[in-house]
1. Treat each spin label as a single point 7 Å out from the Cα along the C-beta direction, and report the residue 52 to residue 163 distance in nm.
2. Angle between the Cα long axis of helix 8-17 and the longest principal axis of the chain, 0 to 90 degrees, nearest 10?
3. Probe radius 1.4 Å, ligands and nucleic acids left out: which of 89, 31 has the largest accessible area, and how do the rest follow?
4. Which residue fluctuates most in the GNM of the chain (Cα springs below 10 Å): 217, 38, 157?
5. 7 Å from Cα along Cα→Cβ at both residue 21 and residue 135: what's the point-to-point distance in nm?
6. How do 8, 23 rank by accessible surface area computed with a 1.4 Å probe, from largest to smallest?
7. Suppose R0 equals 45 Å. What FRET efficiency, 1/(1 + (r/R0)^6) with r the Cβ-Cβ distance, do residue 111 and residue 236 give to the nearest 0.05?
8. Could you work out how far helix 74-83 tilts from the main Cα principal axis of the chain, as a 0 to 90 degree angle to the nearest 10?
Amino acid sequence: MLLGVNIDHVATLRNARGGFEPDPIKAADVCEQNGATSITTHLREDRRHIKDEDVYTLIKTLKTKLNLEMAMADDIQRIALEIKPHSICLVPEKRQEITTEGGLDVAGQLEKVTQFIKPLLDAGIVVSLFIDPEATQVEASAKTGAQFIEMHTGSYSEAFGTDKEEEEFRKLKNAAALAQKLGLKVNAGHGLNYENVHRMHEIEGLYELNIGHSIISRAVFYGLPEAVRKMADLIK
Ligand code: PXP
């Protein structure tokens, strides 16, 4: 199973000061040097974390693959067609949400999704659809021409360790099996962390996990000792 790391959280921190650090491009490089097999980033409509310049730089500097998360927006589609990332992951997007809250409703807008991804597929970009682990969404996804789905693991992650865990986990397992039967490859992500990720191995055929928040959160604490020691040495 492969690991895609989402670097949006690094850009959020950078933007909090409006300066240049921490640099998400450098973060992507560190991720690649330590086992990330792709870098995921979400170019949001409001550009609240990753910005256009970041994406234009990443496509030149990455040694692995760029997976561009995007909503069905024409201006982002234009950027994708220009830079040609390895893959795009189509997500729903609400302006006010803190992070992507639910899966894309492919079943409810099959024609729109199919038309939107067509030029991307024609340009040789791999297309993934971020959906909830539901049979109707998987079946609709298989009709669009997309090669991948990414299963939303948010409900499983929230239910982890509670009496809802098995139910949520079963939904992921069933959706993955159905998707593969219909010829789709399967990724998963959202809310996965160091406690709950191990169960992903019980899902046969999972290709890649996309993980961001828990990795950046852990990095803060594991990097903090060195950062403080270095500053203390400098000002001594
Ligand atoms: N996959 C998708 C489609 C996402 O929108 C996100 C969140 O940006 C992730 C994976 C990663 O989620 P998290 O930051 O909770 O690991």
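1. Result for the modelled spin labels: 5.3 nm.
2. Relative to the chain, helix 8-17 is tipped by roughly 40 degrees.
3. Values: 89 0, 31 25 Å².
In descending accessible area the options line up as 31, 89.
4. 217
5. Modelled inter-label distance: 5.5 nm.
6. Numbers: 8 10, 23 65 Å².
Largest accessible area first, the residues go 23, 8.
7. Step by step, r from the Cβ atoms, then E = 0.10.
8. Rounded to the nearest ten degrees, it is 70.
The values are calculated or read from the model by the stated rules, or taken from the named source; none is laboratory data. Not measured: the values here are computed from a predicted model. Reconstructed Cβ throughout: ideal geometry from the backbone, glycine too, with neighbour counts over all protein chains shown. We work out accessible area using only protein heavy atoms, side chains counted, and drop any ligands, DNA or RNA first. Shrake-Rupley method; radii C 1.70, N 1.55, O 1.52, S 1.80 Å.
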